[in-house]
């Protein structure tokens with residue numbers, strides 16, 4: 001499970017900082033990270049495979065509205081913003097440390113097409129609609145949280161919009177929940193013990 005301090009941002013007085021460089025599709029992207037966030041010292045494999053699915057296995061349009069839900073220090077949303085400068089990216093997380101880091105990383109990478117909001121899932125997004133909701137979901141928080149993420153997506157997706165999640169192999173309960181909620185689910189990519197699933201709002 002998450003350390004209980006994850007949701008308050010309290011990790012003590014000696015929080016270490018980290019610098020990460022990530023090369024993706026010809027772009028070198030810099031991130032700062034720290035104690036108190038997921039995968040603080042490196043880009044985790046699930047995130048890399050999700051990005052591969054988005055940009056190598058799908059035809060992502062040039063202009064769209066995307067929500068990076070549970071953004072952490074901002075890797076997924078920032079890469080999308082770099083790759084699609086005409087798109088509008090919204091990044092949310094419940095953890096104030098993650099929000100501060102994500103804002104810093106947007107600044108470091110010189111992006112102007114990103115909005116960052118502290119939100120417990122969709123709680124601060126009333127009235128917003130997105131073409132894509134993408135997430136490396138917080139499995140450590142339990143199925144209840146992940147199921148709420150999936151069920152809530154229906155209200156916040158545009159018609160024909162997609163929710164796209166990366167999961168480790170074996171999390172069939174979650175992919176079944178996607179199928180139950182949306183009436184469809186498909187696998188975009190299988191790689192290194194991970195699966196990227198997509199459900200479309202019809």
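Readers should treat all values here as calculations from the given coordinates under stated rules, not as data from a laboratory. Remember, it's a predicted structure, so these values are computed and weren't measured experimentally. A quick note on method: Cβ atoms are made from the backbone with ideal geometry, for glycine too, and the neighbour counts reach across all protein chains shown.
Computed from the C-beta positions of residue 144 and residue 186 and an R0 of 22 Å, the FRET efficiency is 0.35 to the nearest 0.05. Would you mind checking the range 23-55 for residues with the amide N under 18 Å from a putative spin-label position 7 Å along Cα→C-beta of residue 124? Within reach of a label on residue 124, which here means backbone N under 18 Å from a point 7 Å along Cα→Cβ, the range 23-55 contributes 37-38. With contacts taken as Cα pairs under 8 Å and at least 6 residues apart, the chain reaches a relative contact order of 18 percent.
Using the rule -39500 (n - 2.57) for each DSSP H run of four or more residues, divided by the residues of the chain, the 222 nm mean residue ellipticity is -8000 deg cm²/dmol.
By DSSP, the beta bridges lying fully in the range 85-202 are antiparallel in about 55 percent of cases. The separation of the range 153-186 from the range 67-133, counted between C-alpha centres, amounts to 20 Å.
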